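Taking it in order: structure first as C-alpha cells, then the write-up.
The values are calculated or read from the model by the stated rules, or taken from the named source; none is laboratory data. What you are looking at is a predicted structure, and each value in this text was computed from that prediction instead of being measured. Don't worry about glycine lacking a Cβ; one is built from the backbone with ideal geometry, like all the others, and counts go over all protein chains shown. The area values use the complete protein model at the heavy-atom level, side chains included, leaving out ligands, DNA and RNA. Shrake-Rupley method; radii C 1.70, N 1.55, O 1.52, S 1.80 Å.
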Amino acid sequence: MAVKLKDLITKERAMRQGHRMCPGCGAPTVVQQALLAVEQPVVVTAATGCLEVSTTIYPYNAWGVPFLHSAFENAGASVSGIEAAYVALKKKGKITKDIKFVAFGGDGGTYDIGLQALSGAAERGHDFTYICYNNQGYMNTGAQRSSATPKGADTSTAPAGKVIPGKIQKPKDLTVIMAAHHIPYVAQTTIHNPMEVIEKVKKAIETPGPAFVNVLAPCVLFWRLEPSLQRDICKLAVETRFWPVYEVIDGEWKLGYKPKKRVPVEEFLKPQGRFRHLLKGETGQAVIEALQKDVDEEWEYVLKRCGETWEPQA
Amino acid sequence: MSRKDITSGNWAVAEAMRQINPDVVAAYPITPSTDIPMKFSEFVADGLVDTNLVTVESEHSAISACLAAAVSGARVMTASSANGVALMHEIFPIAASYRAPIVFGLVNRSLGAPINIHCDHSDSMAERDSGWIHIYCEDGQEVYDTMIMAVRIAEHKDVLLPVFVCQDGFITSHCFEPVEFMDDEEVRSFIGERDPLFPLLDIDNPVAYGSLALTDYYFEIKRQQVEAMKHVERVYREVAGEFAKKTGRDYPVVDTYKTDDADHIMVIMSSAAGAAKDTVDRLREKGHKVGCLRIRLFRPFPAKAVVDALKGAKSIAVLDRAASLGAPAPLFTEIKGALYDAGIHIPANTYVYGLGGRDFFPHNAEEAFMDLINNNMSPEERYLGLRE
C-alpha cells in the first residue's frame, strides 16, 4: 500500500527532540524520513560519528527506540551481532515480536573505515538495512576528505591551496560496490523529496536479507551551505546528475529520476563554499570540466545499467 | 555421569561450548585457537547446538558482533589469539564498560614481530587493563572446567564483566591429555539460563548503549567498573566452591604447591607450572624447602591470597612469560606491589622465560630456584633459556 505523507505526520518519531545536530544538517532528516514509515519495531545501531555523538550525550538520549553504538568501523558487525542474537533468542521463544534492524553510518564509517565490516555483513546475508548518511567527508572531526569526497572539494586534509585545488581524486562508487554484493536491495538517493527516503527505506527494511541505502545528505559546515538550502542543494544534486537516484532490486537496476534538461554541474557547486575556489581562474575551470566529465560518465553508466536512454530538452 | 576422554585444550574449550550451548558465537580463525571455532562449527553443522554461529570477516568484527549480541541479551562466546586479540583491542574496554558477559577462550600466542605462532603471554598481558577478568589455566582439564565456571562468574549480577580463559598456545591447546567431562545436563543446570539486565532487544523498554559521556560523567562510569571488579573474587569463590562440590575439582584463585613451609617460592602462571612443580619435588628430595605459587586469577589481582602464600618465604623468583619492554615484567610488578602494600619485604628475582614458545624445561626452573637457594639475588631482570 502506498505511503501517504499526511498519515505519517502524527506518527511517533524514532529520534526525538533535544538532539544536538546542527541546524540544516542532513543526518537527522535522513533518520526521521528513513524510520517514519516502518511499521515493525526497530533496533538501531550507529557507527561513531556526528549522528551518534549528538543524539546520545549522557545522561540524555534522543532515541525512542533501542540504540547501540560501540565504535567507528563496526556498524556492520554490530548489526550482525544484534540480528544473530535476535534469531537465536526467537528460535528459543525468548523473543516473540518481529523486529527489524537498521544501521546508520556516515560516509567515513561506511565508505572507509567500516567498509570491511559492512561487506562481511552483506555477504553473510543478515536481515538488516544499512543507511549511509553521506555528507562526503569526515565531519565529526572537522571537514576532512573521505573516499566519498567529490573531486575539487576544499577539505581540511585536502585543502584548496596555491598549488593543489582541493581533493584531486574522484570518489569511489560505494553504491555499485554494494550492488556487486548481489544483496536483494540497494538504493542511491538523497533528501530532495521526503517520500524518496521514506519509501525506499520502507522497501529496504521490508526486504528480507541485507539492504543498503546511500543517501546524499549535506553538512552545512563542510559544504559551507546556507542551512535553509538543505533540500534545494539535494534537488540540484539530482538535476545536475551529480547524484543519480536509482535502485537495484534483486540485480535489476531501476532509474528513479531523469532530469528534463541538461543542467551543468556548476549549478550544484555554486551555492557551496567548499567549491568556491573553483569558480574563479583557469585551474578551477579545468577541475569543473573534469568533474563534469566524471558526472557524464557515471550518468551514462547508470543509464546503461538501468536500460534507459536520456534525451534532455535543448 | 561424567566421562573421561583424551582431548586437546582447544577441543576441551569447544566441548565446553557445546555443552554450554551459547546463543551466539562470532569467531575468526587464528593459530593456535583455530581448532575452537573449527570444532564448534562441526557441532553446529551436526545440529548438536542451537547456537547462531556468525563466521565474521575479522577478529574486530568477531568481538564487535559478540558485544552487540551480548548486550542484546544473548549468551555469547568466542576465541582468539595474538594478533587477533590485538585487533580486537579497541572493543575490549567497550565490552567491559557495557558490562557484556562474554566468555572468551584466549589461546596465548606471542605478538609479532617477528611473526611467531607459539606461546607467550604478550597478547593477553597487553589487555590487562581492559576491564576483563583474566584467568590463566595450567592444563586441558582446567581450561574445560574454567570455561564452564566463567559463564556463571561473567553473568553474575554483582559482576557482569567479560572473562578471558587463557591457556598456553600449542603447549596446552594442542596437547592431548585425559580430561574428565561433566554430563551435558549437569553443565546446563550448573550454568542455568542467562537472565540479562536491560537487553537491547527489549522493544518495550528501549535502552541506549554507547552514549557519549565527557568530563562530567566518564569518571563515575569507570568507577562503577572498579566496583564490579571488587566483587569478582567473592563471586569466583562462590562459583568455584559450588563447582568443587559437584566435580571434586577445586580451583582457588591461586594454586599453592608446597608453599606452606617453603623458604624459596617460584611464582609462575599457566602450563609452565608443571615443570616448576616437578622441580620443587626433585629439589625437596635433596632437602631444599622450595614451593610453587601459580597465579590463576590475574584480573582482578588476588593480592591477599598472594601475600598469604608468600609471606613466610625467605626469597622468591617471579617468572613472566611476557616482557614489559622498558619496565619490570607484568607479573613481577603485581607481586612486588602486593607485598609492598602488605608491608612485607622479601628479596625477589625476576625472570622472563619462554618468549615466542621457547621451551621451559625443569632445568630452567632449577636454575631460578638455585639462584634463590644460593642467595644470588638482584633486582635486575634475568632470562631463562635464552642464548646470549
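With a 1.4 Å probe and every protein chain left in place, tell me how much accessible area B:ARG237 has, in Å² to the nearest 10.
My reading of the accessible area for B:ARG237 is about 120 Å².
Please compute how much accessible surface disappears when A pairs with B, both sides summed, using a 1.4 Å probe, and round it to the nearest 100 Å².
3200 Å²
Give the residues of the range A:125-150 whose amide nitrogen is closer than 14 Å to a point set 7 Å from the Cα of A:THR207 in the direction of its Cβ.
A:125-132
Can you sort B:TYR383, A:TYR246 by solvent-accessible area, 1.4 Å probe, largest first?
B:TYR383, A:TYR246
State the extension gain, in nm to one decimal, for the chain segment bounded by B:ARG223 and B:ASN375, taking 0.36 nm per residue of separation less the distance between their alpha-carbons.
So the chain would gain 50.4 nm between B:ARG223 and B:ASN375.
Compare A:MET139, B:MET149 by solvent-accessible area with a 1.4 Å probe and give them largest first, with all protein chains kept in place.
A:MET139, B:MET149
Between the DSSP loop rule and a limit of at most 13 other Cβ atoms within 10 Å, which GluC sites (Glu not before Pro) in the range A:1-100 are left?
A:GLU12, A:GLU39
Based solely on its DSSP helices, what 222 nm [θ] is calculated for chain B when runs of n ≥ 4 H residues each add -39,500 (n - 2.57) and the sum is averaged over all residues, nearest 500 deg cm²/dmol?
-12000 deg cm²/dmol
Between A:ILE164 and B:ARG188, what FRET efficiency comes out of the Förster formula 1/(1 + (r/R0)^6) with R0 = 60 Å and r the beta carbon distance, rounded to 0.05?
FRET efficiency, B:ARG188 to A:ILE164: 0.40.
Which value at 222 nm does chain A reach when only helices count, each DSSP H run of 4 or more adding -39,500 (n - 2.57), with the total divided by all residues and rounded to the nearest 500 deg cm²/dmol?
Result for chain A: -10500 deg cm²/dmol, rounded to the nearest 500.
Using the alpha-carbon atoms, what tilt in degrees (0 to 90, nearest 10) does helix A:115-124 show relative to the longest principal axis of chain A?
50 degrees
Would you look at the GNM of chain A, springs on alpha carbons closer than 10 Å, and say which of A:GLY161, A:GLY106, A:GLY152 moves the most?
Looking only at A:GLY161, A:GLY106, A:GLY152, the biggest GNM fluctuation is shown by A:GLY161.
Please compute the modelled spin-label separation between A:ALA180 and A:LYS304, points set 7 Å along Cα→Cβ, answer in nm with one decimal.
Taking the simple label geometry, A:LYS304 and A:ALA180 are separated by 1.5 nm.
Given a 1.4 Å probe and the protein chains all in place, what does the accessible area of B:MET377 round to, in Å² to the nearest 10?
50 Å²
If you average the C-alpha positions of the range B:147-207 and of the range B:1-66 separately, how far apart do those two centres end up, in angstrom?
That distance is 12 Å.
Which residues in the range B:353-388 place their backbone N less than 15 Å from a point set 7 Å from the Cα of B:LYS286 along the Cα-to-Cβ direction?
The answer is B:362-376.
How far apart, in nanometres, would the label points at B:LEU48 and B:ARG234 be if each is projected 7 angstrom from Cα along the Cα-to-Cβ direction?
Once both label points are built, they end up 3.9 nm from each other.
Working from Cα positions, state the angle (0 to 90°, nearest 10) between the long axis of helix B:9-20 and the longest principal axis of chain B.
40 degrees
With +1 on each Lys and Arg Cβ and -1 on each Asp and Glu Cβ, how big is the dipole of the range A:5-306 about its Cα centre, in debye rounded to the nearest 20?
380 debye
Ignoring ligands and nucleic acids, what accessible area does A:TYR86 show with a 1.4 Å probe (Å², nearest 10)?
30 Å²
Only sites in a loop by DSSP and with at most 12 other Cβ atoms within 10 Å count here; which trypsin sites (Lys or Arg not before Pro) in the range A:188-226 make the cut?
Filter output for the range A:188-226: empty list.
In whole percent, how big is the carbon plus sulfur part of the accessible area of chain B, probe 1.4 Å, protein atoms only?
Solvent-exposed carbon and sulfur of chain B make up 53 percent of the total.
If you find the alpha carbon centre of the range A:24-41 and of the range A:129-161, how far apart are they in angstrom?
Taking the Cα centre of the range A:129-161 as reference, the centre of the range A:24-41 is 22 Å away.
Using protein chains only (no ligands, no nucleic acids) and a 1.4 Å probe, work out which residues of the range A:112-137 have their accessible area cut by at least 40 Å² relative to the chain alone.
A:GLN116, A:ARG124
Relative contact order (percent) for chain B, with alpha-carbon contacts under 8 angstrom and 6 or more residues of separation?
16 percent
Can you list the trypsin sites (Lys or Arg not before Pro) in the range A:85-175 that are in a DSSP coil and have 13 or fewer other beta carbons within 10 angstrom?
Listed in order of number, the matching sites are A:LYS92, A:LYS97, A:LYS162.
Could you calculate the contour length gain from A:GLN285 to A:LYS254, that is, 0.36 nm times the residue separation minus the distance between their Cα atoms, to one decimal place in nm?
7.8 nm is the gain from fully extending A:GLN285 to A:LYS254.
Given points 7 Å out from each Cα along the Cα-Cβ axis, report the A:ARG13 to B:ASN205 separation in nanometres with one decimal.
2.7 nm
Got a sec? What order do B:ASP168, B:ASP359 fall in by accessible area at 1.4 Å, biggest, i.e. largest, first?
B:ASP359, B:ASP168
Angle check, please: helix A:75-91 long axis (alpha carbons) against the longest principal axis of chain A (alpha carbons), in degrees 0 to 90, nearest 10.
Taking the Cα atoms of chain A, the angle to A:75-91 is about 20 degrees.
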